[in-house]
Amino acid sequence: MAAGDFESRWLAPDVNAVWTRFLHVTHRLEHRIDRRLQEHHGITHTQYEILVRLADSDERALRMSDLADRIVTAKSAVTYQVNKLTDLGLVERQKCDTDNRGVWVKLTAAGSERLEQAAPCILSLVRGLFLDAINCDQAAELDKLLGIWSDNLDEVDRDPDGRLAPEHG
């Protein structure tokens, strides 16, 4: 594939095949992780990610909007997942003292325990389905590619006038 293959309005068949395979693989990985977590730990992968972000944050709590940013999803989706986690007793909501509209989400002891129980499941899946299939050089190349895509997305996100955003047809 040459860079020029990316220039036309439509993706060339070989480029489209790469994009389609990327989507297929990432969706399959997500589905397997999600299914295993639900079967063995009663939470989804998104809920697991919320617990991880809370555990990694100061005082094991984040504002709802910050949590949405960290797991890269819509605030309404985070609200839905936090409602589910609250029902399970894994997180609790707290009003923000300085902002009446703000809501904090705090990891509970039960949430921390569930996270500890689920972590080996995730690590096993990441190793077995992802890391064990590639060697160190391939992992380094993948990391480089992910860095390029991440930097590109960061640049577009920092563009307040939308000049870098792709044009819509």
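Read-outs throughout are calculated quantities, based only on the coordinates presented, and are distinct from any laboratory measurement. All values reported here derive from a predicted model rather than from experimental measurement. Using ideal geometry, Cβ is built from the backbone for each residue, glycine included, and neighbour counts are taken over all protein chains shown.
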Worksheet item: Amide H to amide H, which residues 5 or more places from Arg63 or on other chains are under 5 Å from it, using H placed in the peptide plane?
Response: Val105
Worksheet entry | Nearest-ten-degree value, helix 13-41 long axis tilted from longest Cα axis of the chain | 20 degrees
Practice prompt. Counting other Cβ atoms within 10 Å, keep those with at most 13, restrict to DSSP loop, and tell me which trypsin sites (Lys or Arg not before Pro) in region 86-162 are left.
Written response: Arg101, Arg158
Practice prompt. Note down, for the chain, the three equivalent ellipsoid semi-axes (square root of 5 times each alpha carbon gyration tensor eigenvalue), biggest first, whole angstrom.
Written response: 34, 24, 14
Worksheet, complete the sentence: Summing -39500 (n - 2.57) over every DSSP H run of at least 4 residues in the chain and dividing by its residue count gives a helix-only mean residue ellipticity at 222 nm, to the nearest 500 deg cm²/dmol, of -20500 deg cm²/dmol
